[in-house]
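What follows is a short report on a single structure.
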Amino acid sequence: MALEGTLKDFSLADIFQLIGLQRKTGVLTLRGQEDTVTVTFLDGKVVGADSLNRRLENRLGTVLMRTGTLTQDQLNRALEIQRETLQRLGFILTHYGIISADSLKGAIQLQILQIVYRLFRWKDGDYHFSQETTIEYDRDNVTPITAESILMEGARMMDEWPIIEKRLRSYDMVFRKKLTDQEIVVVGSEDADEVDFDPDTTSARKRKAVGGDKIRISQEEKAIYDLVDGTTTVADIIESSKFSEFDTAKALYELLTRDLIEEVRGKRAAAVVEQGSPVDESEVAETPVPLPLVILLTIIAIASLVTSIRNPLNRLTPLRGGTSAVVSAQKAVSMQRIEQVGQAIEEYNLINGRMPARISDLTPDYISATLLHDPWGNAYKYIPRPERYLVVGFTPDGKADTDLFLSRAIDIGPTTPAPTSRPDRGGIQLIE
């Protein structure tokens, strides 16, 4: 059977379905801009997959180390034997009793599936299927995988990947843990709070948990949560995770949706806004100041008014400068106002089915005009984007402040007005 063409003309799902239904044996080669992948079939079932950029043999040791099956010293010794004998790494690991045969089979199966599932994200590329009478594969360690099972999982991934990519815009993004006053309880996958994926709106919403203030996450999500440290990129988390690329990305997305992690701010955000160039949203964080911090800093500001007769805040004109405590308090007040502006934008969208064209459209029905300016008299900068909005605050001297940014995704479309809620933020208690 001669089968070749481009993925734009004949999708990967159609190719797998055709090979599976006709129980063909041979090698499917797919060439894209960044990689070349081969998938081996026996009687319509997948028995092997390899990537030019991610060689199965080269990455087998990495997978075994990520799952805790193999140590670095053991891998180094096995690689030394491989260089001397030119034998397969898997054979060496089992022959010398370093790992069990079942562990090797599981790792190879995981690698094959990861390579195949990554193909479902390709939007373009050339393919060619070379039919063979017989093929060679690792019969001792590979269990043939039906094309039907791969297609079912691939279809689910194709539905959810675009939704996940709405928030995981780049593998260079960095996240940190977010403070919460709710208990985080680690439970089984079937008992974890779920996130509803809605492909019609390319967004997702938290499904409310039954039974109080606890947030229930799975063991898999807890493992990814532990890898989030404020410095590690998404790419590094995927590389360190013992789960597949898709499962790791999905876990990050669900942690984001549950408000347990947040993106770390970019350093160039202020410069981008000041120059008037398009805002790079990968460098803007969705990180409003926690409410307890707002209250604490407001108390400090009030105390300064009481204890200092010469305090500049006693003047009739807005303060532009002053002590660091007062400036910090006013920044907290400014962030609180930015949060209120964000709530007003979302309420406007719920009622009108679109975001306001100008920030002034929010007054007087959705917010007071006084809240559209910071404590120093600067008007907040509002930047509407498709399915996202950005509100920018400023320093006392009128420069964009990287600490005063609010960027949020938003569903566009007429809906029934509903009250918005803000989760309280405070300490975190982790229960395993």
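If you check I428, I383, which single one turns out to be among the hydrophobic types (A, V, I, L, M, F, W, C) and either modelled with pLDDT under 80 or touching a His at 6+ places or on another chain (Cβ under 9 Å) (or both)?
After ruling out the rest, the residue left standing is I428.
Can you pull out the residues in segment 95-120 that are crowded, with 16+ Cβ neighbours inside 10 Å and assigned to a loop (DSSP other than H, G, I, E, B)?
I98, I99, F120
Taking K178 as the residue in question, decide whether it is modelled with pLDDT of 80 or more and either closer than 17 Å to I224 by Cβ or not acidic (D, E) (or both).
yes
Check T67, T25 and return the single one that is farther than 17 Å from D140 by Cβ, touching a residue at least 24 places away in the same chain (Cβ under 8 Å) and touching an Asp or Glu at 6+ places or on another chain (Cβ under 6 Å).
T25
So for segment 265-282 (the condition being touching a helix residue (DSSP H, G or I) at 6+ places or on another chain (Cβ under 7 Å), hydroxyl-bearing (S, T, Y) and either modelled with pLDDT of 85 or more or assigned to a helix (DSSP H, G or I) (or both)), does at least one residue qualify?
Within segment 265-282 (the criterion being touching a helix residue (DSSP H, G or I) at 6+ places or on another chain (Cβ under 7 Å), hydroxyl-bearing (S, T, Y) and either modelled with pLDDT of 85 or more or assigned to a helix (DSSP H, G or I) (or both)), the answer is no, since none of the residues qualifies.
Just to check your reading of the model, which residue among D181, D124 is part of a loop (DSSP other than H, G, I, E, B), in contact with a strand residue (DSSP E or B) (Cβ under 8 Å, 6 or more places away or on another chain) and in contact (Cβ under 8 Å) with a residue 24 or more places away in the chain?
So the residue among D181, D124 that is part of a loop (DSSP other than H, G, I, E, B), in contact with a strand residue (DSSP E or B) (Cβ under 8 Å, 6 or more places away or on another chain) and in contact (Cβ under 8 Å) with a residue 24 or more places away in the chain is D124.
Please enumerate the residues belonging to segment 220-238 that are of a type in the set (D, E) and in contact (Cβ under 8 Å) with a residue 12 or more places away in the chain.
First, pick out the residues of segment 220-238 that are of a type in the set (D, E): 220-221, 226, 229, 236.
Correct list: E220, E221, D229.
I'd like the full set of residues that are of a type in the set (G, A, S) and either within 21 Å of A155 (Cβ to Cβ) or touching a Gly at 6+ places or on another chain (Cβ under 6 Å) (or both), limited to segment 6-43.
Hits for segment 6-43 are S11, A13, G20, G32.
Under the condition of being touching a helix residue (DSSP H, G or I) at 6+ places or on another chain (Cβ under 8 Å) and assigned to a strand (DSSP E or B), which residue from segment 45-70 is modelled with the lowest pLDDT?
Among those that are touching a helix residue (DSSP H, G or I) at 6+ places or on another chain (Cβ under 8 Å) and assigned to a strand (DSSP E or B), it is S51.
The values are calculated or read from the model by the stated rules, or taken from the named source; none is laboratory data. Since the model is a prediction, treat every value here as computed from it, not as a measurement. Note that each Cβ is placed from the backbone with ideal geometry, even for glycine, and that neighbours are counted across all protein chains shown.
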